[in-house]
Amino acid sequence: MGAAISESNTIPSAPESYHRMFPLHGLSLSHVEEFIEAYGGRQNFDGWSTNDVCTKIVKPKTERLQCSYVDLLRAIQHPACREGKKADVYVSHSWASNFLAVVDCLLHHFAD
């Protein structure tokens, strides 16, 4: 589950082909927290890797449409995607990383 954070427009110097290959739609961290709660809360994700989250939740949800989780939310007009926000940040992680550790690092990094 790559995460892309916030509201900026596209990168001005990047060519159009880049934007077709690497869409800049993303989810807010608050939606990631809502995702965790919707799937049983932090205790349910204890010990899960980012790959576990992808395999157990994201892939089954997106299998029919063969799309990303963000694109699925956009397709069903989920409130997290209605504003049409673009990502400010691209988050790269290891698929073996502890999912909650990744989320906690992001929350710490972007804390006010």
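The values are calculated or read from the model by the stated rules, or taken from the named source; none is laboratory data. What you are looking at is a predicted structure, and each value in this text was computed from that prediction instead of being measured. Note that each Cβ is placed from the backbone with ideal geometry, even for glycine, and that neighbours are counted across all protein chains shown. Remember, those area values only see protein heavy atoms, side chains included, never the ligands or the DNA or RNA. Shrake-Rupley method; radii C 1.70, N 1.55, O 1.52, S 1.80 Å.
Six or more apart or on different chains, Cβ atoms under 8 Å: show the pairs whose first residue is in the range 60-75 and in contact (Cβ under 8 Å) with a residue 24 or more places away in the chain and of a type in the set (A, V, I, L, M) and whose second is open to solvent by less than 50 Å² (accessible area, probe 1.4 Å) and in a helix (DSSP H, G or I).
Here the result reads Val70/Cys81; Leu73/Ala80; Leu73/Cys81, each pair linking the range 60-75 to a residue that is open to solvent by less than 50 Å² (accessible area, probe 1.4 Å) and in a helix (DSSP H, G or I).
Give the residues of the range 61-103 that are out of contact with any Lys or Arg (no Cβ under 9 Å at 6 or more places or on another chain) and among the aromatic types (Phe, Trp, Tyr), sorted by residue number.
Result: Tyr90, Trp95, Phe99.
Pairs under 7 Å by beta carbon, first residue farther than 19 Å from Leu73 by Cβ in the range 43-58, partner open to solvent by less than 70 Å² (accessible area, probe 1.4 Å) and not hydrophobic (A, V, I, L, M, F, W, C), six or more apart or different chains?
Close Cβ pairs (under 7 Å, with a partner that is open to solvent by less than 70 Å² (accessible area, probe 1.4 Å) and not hydrophobic (A, V, I, L, M, F, W, C)) amount to Ser49/Ser97; Ser49/Asn98.
For the range 81-94, indicate whether the set of residues that are open to solvent by less than 70 Å² (accessible area, probe 1.4 Å) and polar (S, T, N, Q) is non-empty.
yes
Among all residue pairs at least 6 apart or on different chains, which show Cβ distances below 8 Å where the first residue, located in the range 23-35, is at positive phi and the second is open to solvent by 50 Å² or more (accessible area, probe 1.4 Å)?
Here the result reads none, with nothing in the range 23-35 linked to a residue that is open to solvent by 50 Å² or more (accessible area, probe 1.4 Å).
Where residues in the range 30-64 are closer than 15 Å to Cys105 by Cα and open to solvent by 40 Å² or more (accessible area, probe 1.4 Å), which of them is modelled with the highest pLDDT?
Among residues in the range 30-64 that are closer than 15 Å to Cys105 by Cα and open to solvent by 40 Å² or more (accessible area, probe 1.4 Å), the one modelled with the highest pLDDT is Arg42.
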